[in-house]
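Q: One structure, as structure tokens, below. Some questions next.
The values are calculated or read from the model by the stated rules, or taken from the named source; none is laboratory data. Just so it is clear, the structure is predicted and the values come from calculations on it, not from any experiment. Methodologically, a virtual Cβ is constructed for each residue, glycine included, from the backbone with ideal geometry; neighbour enumeration extends over all protein chains shown.
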Amino acid sequence: MLHKIKYRLLSVFLTLTLFACHSIHKYVTPMEANAEFPVLKPEFMPELPAVDFAWTTPLIDLIETEIDPYPIVNITEDFCDRDINHVNSSDPKLFAESDKMYIDLIRLQKGDYSFPLPGAKVISPFGGRRKGHTGTDLKTFAGDTIRAVFDGIVRMAKEYSAYGNVIVIRHFNGLETVYSHNSKHLIKQGIRVKAGQPIAMVGRTGRATTDHLHFEVRIGGRAFNPELLFDMDAQCLTDNVLLCTKNKNKIQVVPMQHFSFEAHHIDSK
Ligand SMILES: [Zn+2]
């Protein structure tokens with residue numbers, strides 16, 4: 001009889017222990033944690049200079065937001081003297097109505113964008129060993145064709161100190177891209193360009209020790225890591241949603257990821 005009670009008590013204890021373990025396990029499973037926020041999650045910590053950007057945790061109330069892949073962004077198309085003559089120039093219309101904007105890369109189609117220098121390899125990343133490097137250096141051969149990344153308007157096309165011959169394009173999605181050290185320009189300031197349109201040829205004008213493209217991505221005048229935009233190995237857009245936030249004169253770019261959509265621009269082989 002005593003043995004029976006002992007065994008019964010032991011089995012109750014074991015059952016409770018198993019249940020407790022299961023409960024603890026249930027609340028720490030990452031999949032369970034993600035299930036609470038099924039649409040977007042932060043992807044990785046971006047390599048951004050502390051001076052220009054601060055990291056923030058994505059806000060929970062934005063996580064379930066459906067993002068328009070082609071939002072109408074209010075940009076300035078009439079350029080002032082500063083726009084035409086300086087790489088760093090911010091658009092007063094951008095962030096004028098809201099301090100937040102999303103750039104959804106995942107649902108953009110193949111024709112919506114182009115890699116700036118097809119076939120190129122990264123020889124120097126953003127930030128990286130050379131602190132303060134404001135872009136990604138891409139190498140192919142002298143005279144190779146540089147292409148506009150998105151549709152936009154050429155804000156600047158001229159020789160500009162260390163940049164050498166440089167082109168800045170203001171895009172309709174709010175971003176600006178910068179193409180530097182070019183040997184020759186194929187377009188002029190003020191014209192509209194399409195994604196993939198040839199705009200320049202690779203060179204080593206300005207401060208450059210080899211023929212390459214110094215490629216920058218900017219928003220509101222601030223450069224951020226082009227690897228948030230492009231997968232440099234696959235040479236296609238990342239599957240990020242870029243959450244861009246203006247806070248006084250600082251701009252933060254935080255990459256987030258959709259769970260619910262498949263990237264249209266990545267080849268499925
Ligand atoms: Zn560079």
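Q: For segment 181-189, state whether one or more residues are within 16 Å of the ligand (Cβ to nearest atom), under 22 Å from G128 (Cα atoms) and in a helix (DSSP H, G or I).
A: no
Q: Now, a different point. From the list V122, V87, V154, which one is within 15 Å of V202 (Cα to Cα) and not charged (D, E, K, R)?
A: Checking each option against the conditions leaves just V122.
Q: Could I ask something else about it? Criterion first (modelled with pLDDT under 95, in the same structural domain as D112 (by TED's automatic domain parsing) and not in a loop (DSSP other than H, G, I, E, B)) does L213 satisfy it?
A: Working: modelled with pLDDT under 95: no; in the same structural domain as D112 (by TED's automatic domain parsing): yes; not in a loop (DSSP other than H, G, I, E, B): yes.
Answer is no for this residue.
Q: So, one more: Just give me the residues in segment 216-230 being away from the ligand (no atom under 16 Å from the Cβ), not β-branched (V, I, T) and not in a loop (DSSP other than H, G, I, E, B), in sequence order.
A: Passing the criteria: R222, L228.
Q: Filter segment 184-199 down to the residues that are buried (at least 17 other Cβ atoms within 10 Å of the Cβ) and over 23 Å from the mean Cα position of the chain (by Cα) and list them by number.
A: Answer for segment 184-199, where residues must be buried (at least 17 other Cβ atoms within 10 Å of the Cβ) and over 23 Å from the mean Cα position of the chain (by Cα): H185, I187, Q189.
Q: Would you say A200 is in contact with a strand residue (DSSP E or B) (Cβ under 7 Å, 6 or more places away or on another chain) and either outside the structural domain of D91 (by TED's automatic domain parsing) or in a strand (DSSP E or B) (or both)? Break it down into steps so the answer makes sense when it comes.
A: On the way: in contact with a strand residue (DSSP E or B) (Cβ under 7 Å, 6 or more places away or on another chain): yes; either outside the structural domain of D91 (by TED's automatic domain parsing) or in a strand (DSSP E or B) (or both): yes.
So A200 passes the test.
Q: In segment 67-98, which residues are surrounded by 13 or more Cβ atoms within 10 Å (Cβ to Cβ), hydroxyl-bearing (S, T, Y) and farther than 16 Å from V178 by Cβ?
A: Matches in segment 67-98: T76 only.
Q: For segment 118-126, state whether one or more residues are in the same structural domain as Y70 (by TED's automatic domain parsing), among the hydrophobic types (A, V, I, L, M, F, W, C), touching a His at 6+ places or on another chain (Cβ under 8 Å) and more than 16 Å from the ligand (Cβ to nearest atom).
A: no
Q: Condition first: surrounded by fewer than 17 Cβ atoms within 10 Å (Cβ to Cβ), at pLDDT below 95 and within 16 Å of the ligand (Cβ to nearest atom). Can you find one or more residues in segment 133-141 that meet it?
A: No; the residues of segment 133-141 include none that is surrounded by fewer than 17 Cβ atoms within 10 Å (Cβ to Cβ), at pLDDT below 95 and within 16 Å of the ligand (Cβ to nearest atom).
Q: Being part of a strand (DSSP E or B) and either loosely packed, with under 15 Cβ neighbours inside 10 Å or more than 16 Å from the ligand (Cβ to nearest atom) (or both) is the filter here, so list the residues in segment 148-175 that pass it.
A: Listed by number, the residues that qualify are G152, I153, V154, R155, M156, A157, K158, E159, I169, R170, H171.
Q: Here is a follow-up. Can you run down the residue pairs with Cβ atoms below 7 Å, 6 or more apart or on separate chains, where the first is in segment 180-193 and closer than 24 Å to T210 by Cβ and outside the structural domain of T134 (by TED's automatic domain parsing) and the partner is in a loop (DSSP other than H, G, I, E, B) and more than 16 Å from the ligand (Cβ to nearest atom)?
A: none
Q: Of (1) within 11 Å of the ligand (Cβ to nearest atom); (2) of a type outside the set (A, V, I, L, M); (3) within 20 Å of the chain's Cα centre (by Cα), T210 satisfies all except one. Which?
A: Exception for T210: condition (3).
Q: Could I ask something else about it? Quick check on segment 50-61. Is at least one of its residues at pLDDT 80 or above and outside any loop (DSSP other than H, G, I, E, B)?
A: Taking segment 50-61 as the starting set, the residues that turn out to be at pLDDT 80 or above are none.
Within segment 50-61, not a single residue is at pLDDT 80 or above and outside any loop (DSSP other than H, G, I, E, B).
Q: Here's another thing I want to ask about it. Among the numbered criteria (1) away from the ligand (no atom under 16 Å from the Cβ); (2) crowded, with 22+ Cβ neighbours inside 10 Å; (3) within 16 Å of R147 (Cα to Cα), which one does V241 miss?
A: (3)
Q: Here is a follow-up. Just name the residue that is nearest to K184 (Cα to Cα) out of those in segment 205-250 that are touching a His at 6+ places or on another chain (Cβ under 6 Å) and hydrophobic (A, V, I, L, M, F, W, C).
A: Applying the first criterion (touching a His at 6+ places or on another chain (Cβ under 6 Å)) to segment 205-250 yields 205-206, 208, 214, 236-237.
Filter once more, so that each one left must be hydrophobic (A, V, I, L, M, F, W, C): 208, 236-237.
Details: A208: 15, C236: 25, L237: 26 Å.
Result: A208.
Q: Which number in (1) assigned to a loop (DSSP other than H, G, I, E, B); (2) in contact (Cβ under 8 Å) with a residue 12 or more places away in the chain marks the one condition that D233 misses?
A: Result: D233 passes all but (2).
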